[in-house]
Amino acid sequence: MPPILVPLTRKAVSLQIISTVVRNVRIERKFLTILNMNENNNIKKKQDEESIINQAATEEYRYGFVSDFETDVIPKGLNEDVVRRISQLKNEPEWLLEFRLKAFRHWQTMTLPKWGKVNMPDIDFQAISYYAAPQTKTSDKKEIDPELKKTFDKLGIPLEEQKRLSGMAVDAVVDSVSVHTSYRERLAELGVIFCSISEAVKDYPDLVKKYMGSVVPYTDNFFAALNSAVFSDGSFVYIPKGVRCPMELSSYFRINAAQTGQFERTLIVADDDSYVSYLEGCTAPMRDENQLHAAIVEIIVEERAEVKYSTVQNWYPGDKDGKGGIYNLVTKRGICRGDHSKLSWTQVETGSAITWKYPSTILKGNNTVGEFYSVALTRNYQMADTGTKMIHLGKNSRSTIVSKGISAGHSENSYRGMVKVAPNATNCRNYTQCDSLLLSDTSGAHTFPVIEVGNDSSIVEHEATTSKINEDQIFYCNQRGISTEDAVGLIVNGYARDVMRKLPMEFAVEAQRLLSVSLEGSVG
Amino acid sequence: MLKIKDLHASIEGKEILKGVNLTVKPGEVHAIMGPNGSGKSTLSAVLTGNPAYTVTGGEVEFYGKNLLEFSPEDRAHEGIFLSFQYPVEIPGVLMSNFMRTAINEKRKYQGLEPMSATDFLKLMREKRAIVDLDNKLASRAVNEGFSGGEKKRNEIFQMAMLEPRLSILDETDSGLDIDALRTVANGVNRLKSNENATIVITHYQRLLDYIKPDQVHVLYKGRIVMTGGPELALELEEKGYDWIKEQVDNNQL
């Protein structure tokens, strides 16, 4: 441990995390034999999803249990010393500290952006603690701290590899640090690197140096600058040339300590001819005050490689009166650098008080493919301003955007998107479908699409619909014996189906359940 | 099983049913005919609890229970099924998912465990054959992109799955060509038993060639003004409704 400038404060905090992914996987497996007998494999899946939805029909935000963790928290406030302190706590090399300081100095020149269709309150950045590390009793990463294990078991994410039925590797990030990464050895045999970004900085400095900040520079925006200055942990993935990653990689992020922010960074590099599917899930405790989550995700896709990035975001959304909840202000961007490469974003957003994120793709290579599939559900007083940017720089590049917004209660739900085709990027193709479903008279649905096409040979299409759930549909369900609440769940899941089916199976079930559960009491 | 006594109902303040009386026993098929606007579809909507209609008077008893006190879904659970005149499309909701939800909700109501996936698929396979629907049905969204004929066959398929005690077929023949009509009618006939009953609402005698009614009722101006055997339908086909209208309007019926 290096010398510490400011003494650590220790306090016990509550811990609660999302995600029942693994449990669902188990259910899927159990039915695998039946699956083979089906006339249609999809049916089975849908039915299991349905029964899970039904089971879950009585719950709200259910990750509210408390487990005692000793947590090291640095005092609130942000200045150069804090940035240095974080770097020092993480035992970082000089170049990274320099990176942080440059970002911090730049951030100080910036002001909080106000352009989103969200009612962003002024955030007091001095009232937040920028580093919180749960203390685990084992220093060896191979062994799992019992308290941590207990917590994750309760959340349905067993960290021990032998307990996992599906081949899915997990990086668990609690507050500011990665607490456990599974399956590392097995992945390492293939040359796949999957570890926390802190470890990557130590073990693979050249890769991190080469790619970090190359897609999202610290100058990009206010929150990107902030993240670059104070980021604490996150996941690092490197898939070497020609390797198809044999299992889903996933990260669980959770905010745990009070009055802290989470600033994680994810960096994914898919080298030539490689493939990886990456999943991300998140939750946070129920608290009356708002908490900040400002992440950066950077993805680099080289020639003929493919990356699939899926998110199920279930940060605490605040209570029914709009009190509390997470501000989810995230910069996610990928670049299809090599020709014929492909990047696909899928997101299901049901949590957070404010969501502000635009997973975007720069289609630099020729014949590249970018996809964005999104379901954003807002209710009560949630505000979501989300969408994507597809920047076509390569010839014959193609992009698809499917955005489904669902607004209930007093929420505001906006799609903001940009499709840009550079003059030299000939024969590009974009298709955008942007649908809004209103469940209440007091909610709002908005779309802000921008299209810039720099040549005549490219075709850009934009379709948009706004609808309400139709009473005839509800009555039809009622007549078949389905209650109105269940009917709304069914109809909304049907509406979102085009997006849900893009999720890996492990996530689809969870996402469907989440949609239905989140809707409870939202209609009427 | 069903006793309708002096039923009055209105929509948006306008009275449509003005004292309907009808008794249906297990094993029976009742046809309800009548000119446009006589209240045929209103009757089916009121029996199934469509919230757009208000019951302003009268009683409906179903197996001794006051049907009007039940929610639409509980009426379905009690065994009332409506084959819609215009089946509703629900985009993205797969038929398999929809039917499984419906069946398990009914089972829950009856205090039974949910049906296993295997049993459900078997049942679905068996029942869709009754109306010649192919194996793509399960993975198609509810009525989405269905042809007119497919929609009506899908209604009968759902009826077969849910095994209602009372089925109301609201203009199930409308928009069907003769082959589809036969398929639908054969399906209905195969589902008939001594325990269940059917109310067939139709404009035309044509459907009754295939589904033989025990009684034919003429609904006009919100009341059943004439009841007869199957021959009444033939007579209506031949003579139209004018003679009945005349008698009603002259207070002879």
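The values are calculated or read from the model by the stated rules, or taken from the named source; none is laboratory data. Keep in mind that what you see is a predicted model, and the values were worked out from it rather than measured. No Cβ is skipped: glycine too gets one built from the backbone with ideal geometry, and neighbour counts run over all protein chains shown. Each accessible area value is taken on the protein alone, full model and side chains, heavy atoms only, with ligands, DNA and RNA left out. Shrake-Rupley method; radii C 1.70, N 1.55, O 1.52, S 1.80 Å.
List of remarks:
- Exactly one residue out of A:PRO449, A:PRO423 is closer than 23 Å to A:TRP115 by Cβ, away from chain B (no Cβ under 14 Å) and not small (Gly, Ala, Ser), and it is A:PRO449.
- Residue ID - least open to solvent (accessible area, probe 1.4 Å), chosen from residues in region A:381-399 that are over 14 Å from A:ASP435 (Cα atoms) and of a type in the set (Val, Ile, Thr): A:THR388
- Checking A:THR378 against (1) touching a helix residue (DSSP H, G or I) at 6+ places or on another chain (Cβ under 7 Å); (2) open to solvent by less than 10 Å² (accessible area, probe 1.4 Å); (3) not aromatic (Phe, Trp, Tyr), the condition it does not meet: (1)
- Test result for B:LYS221, free of Cβ contacts under 8 Å to residues at least 60 places away in the same chain and open to solvent by 40 Å² or more (accessible area, probe 1.4 Å): no
Here is a yes/no grid of residues against (1) in a loop (DSSP other than H, G, I, E, B); (2) not hydroxyl-bearing (Ser, Thr, Tyr):
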site: A:LEU343; (1), (2): no, yes
site: A:THR355; (1), (2): no, no
site: A:TYR373; (1), (2): no, no
site: A:TYR381; (1), (2): yes, no
site: A:GLY387; (1), (2): no, yes
site: A:GLY394; (1), (2): yes, yes
site: A:VAL402; (1), (2): no, yes
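- Looking across region A:479-489, the residues that are open to solvent by 10 Å² or more (accessible area, probe 1.4 Å) and at the interface with chain B (Cβ under 7 Å from one of its Cβ atoms) come down to A:SER483, A:ASP486.
- Residue among A:ILE326, A:ILE335 that alone is farther than 22 Å from A:LEU438 by Cβ, open to solvent by less than 10 Å² (accessible area, probe 1.4 Å) and not in a loop (DSSP other than H, G, I, E, B): A:ILE326
- Taken as a whole, the structure places A:GLY318 among residues that are over 18 Å from A:TRP115 (Cβ atoms) and either basic (Lys, Arg) or more than 16 Å from the chain's Cα centre (by Cα) (or both).
- Only one of the numbered conditions (1) in contact (Cβ under 8 Å) with a residue 40 or more places away in the chain; (2) closer than 30 Å to B:ASP74 by Cα; (3) open to solvent by 10 Å² or more (accessible area, probe 1.4 Å); (4) within 14 Å of chain B (Cβ to nearest Cβ) is not met by A:ILE474, and that is (1).
- Summed over region B:229-253, residues that are outside any helix (DSSP H, G or I) and either in contact with a Lys or Arg (Cβ under 7 Å, 6 or more places away or on another chain) or crowded, with 16+ Cβ neighbours inside 10 Å (or both) total 1.
- Which listed residue, of A:THR426, A:THR466, is of a type in the set (Val, Ile, Thr) and either surrounded by 20 or more Cβ atoms within 10 Å (Cβ to Cβ) or over 27 Å from the mean Cα position of the chain (by Cα) (or both): A:THR426
- Matching residues, region A:490-499, being in a helix (DSSP H, G or I) and at the interface with chain B (Cβ under 8 Å from one of its Cβ atoms): A:LEU490, A:ILE491, A:ASN493, A:GLY494, A:TYR495, A:ARG497, A:ASP498
- Criterion applied to B:LYS18, B:LYS40, B:LYS14 was being of a type in the set (Lys, Arg) and surrounded by fewer than 17 Cβ atoms within 10 Å (Cβ to Cβ), and the one residue passing it is B:LYS14.
- Residues satisfying the stated conditions in region B:147-163, i.e. of a type outside the set (Asp, Glu), in contact (Cβ under 8 Å) with a residue 12 or more places away in the chain and closer than 18 Å to B:VAL88 by Cβ: B:GLY148, B:GLY149, B:LYS151, B:LYS152, B:ARG153, B:ASN154, B:ILE156, B:PHE157, B:GLN158, B:MET159, B:MET161, B:LEU162
- Tallying residues that are without any contact (Cβ under 8 Å) to a residue 40 or more places away in the chain and within 26 Å of B:GLU238 (Cβ to Cβ) within region B:37-79 yields 1.
- The residues on offer are B:ALA197, B:ALA185, and the sole one that is among the aliphatic types (A, V, I, L, M) and in contact with a Leu (Cβ under 6 Å, 6 or more places away or on another chain) is B:ALA197.
- Exactly one residue out of B:GLU78, B:GLU150, B:GLU61 is modelled with pLDDT under 95 and either open to solvent by less than 50 Å² (accessible area, probe 1.4 Å) or under 27 Å from B:LEU7 (Cβ atoms) (or both), and it is B:GLU150.
- Restricted to strands (runs of 3 or more DSSP E) entirely inside region B:1-79, no element has at least 3 residues that are of a type in the set (Lys, Arg).
- Any hit, region A:500-514, residues being at pLDDT below 85, within 11 Å of chain B (Cβ to nearest Cβ) and in a helix (DSSP H, G or I): yes
- Annotation for region A:341-351: no member residue is out of contact with any strand residue (DSSP E or B) (no Cβ under 9 Å at 6 or more places or on another chain), surrounded by fewer than 24 Cβ atoms within 10 Å (Cβ to Cβ) and not β-branched (Val, Ile, Thr).
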